[in-house]
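Student: This structure is in structure tokens; I'll ask about it shortly.
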Amino acid sequence: MYYFHLFLFLGVQNLLSEKVDQMMEWSSRRSVIRMNGDKFRRFVKAPPRNYSVIVMFTALQPQRQCSVCRQANEEYQVLANSWRYSSAFSNKLFFTVVDYDEGADVFQQVTIFNSHIATETCYHVIHFHLTFFLAFQIRVFRPPNYSGTIALALLVSLVGGLLYLRRNNLEFIYNKTGWAMAALCVVFAMTSGQMWNHIRGPPYAHKNPQNGQVSHFVLISP
């Protein structure tokens with residue numbers, strides 16, 4: 001009986017080691033591991049498992065026409081990359097995604113939690129579970145965005161070029177009508193809904209009033 005339990009224990013340990021090694025190999029290739037039904041049942045649901053898994057359920061195929069899913073996936077990638085390249089990264093936590101077209105049967109097997117799309121909101125939802133239950137912490141690192149700097153440089157170059165070409169005739173600078181039109185454009189821009197969204201930072205999509213769902217995240221711990 002002792003040898004039977006020993007062999008059983010060694011078999012479980014070997015199986016667990018194989019699963020962890022496979023998850024680490026996938027994680028080394030990409031921060032978010034894509035799962036289908038078979039992979040989900042083997043590496044997420046089936047024992048033994050001494051690691052935790054965050055699963056995002058989505059529909060990214062073009063025929064699904066889910067723009068919210070694409071936005072959520074981009075933010076989820078930011079969160080997963082923050083964990084993958086942090087000093088706290090280990091084989092105890094993995095980020096995965098299940099696309100409806102690759103694992104429709106999985107959607108019926110789990111309990112879905114709701115969250116908004118913004119990374120910070122996803123962070124707070126996941127951070128609560130990780131800190132309270134698993135003692136993990138993730139600090140979000142966003143890749144630098146140079147679009148604002150590039151746009152400002154292009155605008156300065158355009159204005160500078162225009163002034164250079166018109167250097168012998170700068171009377172348009174004193175045109176009251178032109179300044180009035182520019183002032184109206186600034187006023188309309190500052191009172192627009194886009195500026196309100198930029199200041200308030202509301203979610204890209206609101207909750208469904210019938211079921212309260214926006215996007216789906218599941219934290220599965222061992």
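Per-residue answers, yes or no, for (1) touching a residue at least 40 places away in the same chain (Cβ under 8 Å); (2) among the polar types (S, T, N, Q); (3) open to solvent by less than 10 Å² (accessible area, probe 1.4 Å):
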residue: VAL55; (1), (2), (3): yes, no, yes
residue: CYS66; (1), (2), (3): no, no, no
residue: CYS69; (1), (2), (3): yes, no, no
residue: ASN81; (1), (2), (3): yes, yes, no
residue: SER90; (1), (2), (3): no, yes, no
residue: THR96; (1), (2), (3): yes, yes, yes
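Okay, residues lined up against (1) of a type outside the set (D, E, K, R); (2) under 26 Å from ASN73 (Cα atoms); (3) modelled with pLDDT of 90 or more:
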| site | (1), (2), (3) |
| --- | --- |
| LEU10 | yes, no, no |
| SER17 | yes, no, no |
| SER28 | yes, yes, no |
| ARG41 | no, yes, no |
| SER52 | yes, yes, no |
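Student: Which pairs have Cβ atoms under 8 Å, sit 6 or more apart or on different chains, and link a residue in the stretch 136-148 that is within 14 Å of GLU75 (Cα to Cα) to one that is open to solvent by 70 Å² or more (accessible area, probe 1.4 Å) and at pLDDT 75 or above?
Tutor: Partner pairs satisfying both residue conditions: PHE141/TYR85.
Student: Take the stretch 175-195 and flag every residue that is more than 16 Å from VAL159 (Cβ to Cβ) and at pLDDT below 80.
Tutor: Correct list: SER192, GLY193, GLN194, MET195.
Student: Given the criteria surrounded by 14 or more Cβ atoms within 10 Å (Cβ to Cβ) and under 12 Å from the mean Cα position of the chain (by Cα), does MET35 qualify?
Tutor: It is false that MET35 is surrounded by 14 or more Cβ atoms within 10 Å (Cβ to Cβ) and under 12 Å from the mean Cα position of the chain (by Cα).
Student: Further question: Before we move on, is ARG41 surrounded by fewer than 19 Cβ atoms within 10 Å (Cβ to Cβ) and assigned to a helix (DSSP H, G or I)?
Tutor: Taking the combined requirement at face value, the residue satisfies it.
Student: Right, here's the next one. Would you check which residues across the stretch 57-80 are among the hydrophobic types (A, V, I, L, M, F, W, C) and within 20 Å of ASP105 (Cα to Cα) and list them?
Tutor: PHE57, ALA59, LEU60, CYS66, CYS69, listed by residue number.
Student: How many residues does the stretch 92-107 hold that are farther than 25 Å from SER82 by Cβ and of a type in the set (Ser, Thr, Tyr)?
Tutor: Qualifying residue count, the stretch 92-107: 1.
The values are calculated or read from the model by the stated rules, or taken from the named source; none is laboratory data. Owing to the predicted nature of the structure, the values given are computational and were not obtained by experimental measurement. Positions of Cβ are backbone-derived with ideal geometry, glycine not excepted, and every protein chain shown enters the neighbour counts. Keep in mind that these areas ignore ligands, DNA and RNA; they rest on the heavy atoms of the full protein, side chains included. Shrake-Rupley method; radii C 1.70, N 1.55, O 1.52, S 1.80 Å.
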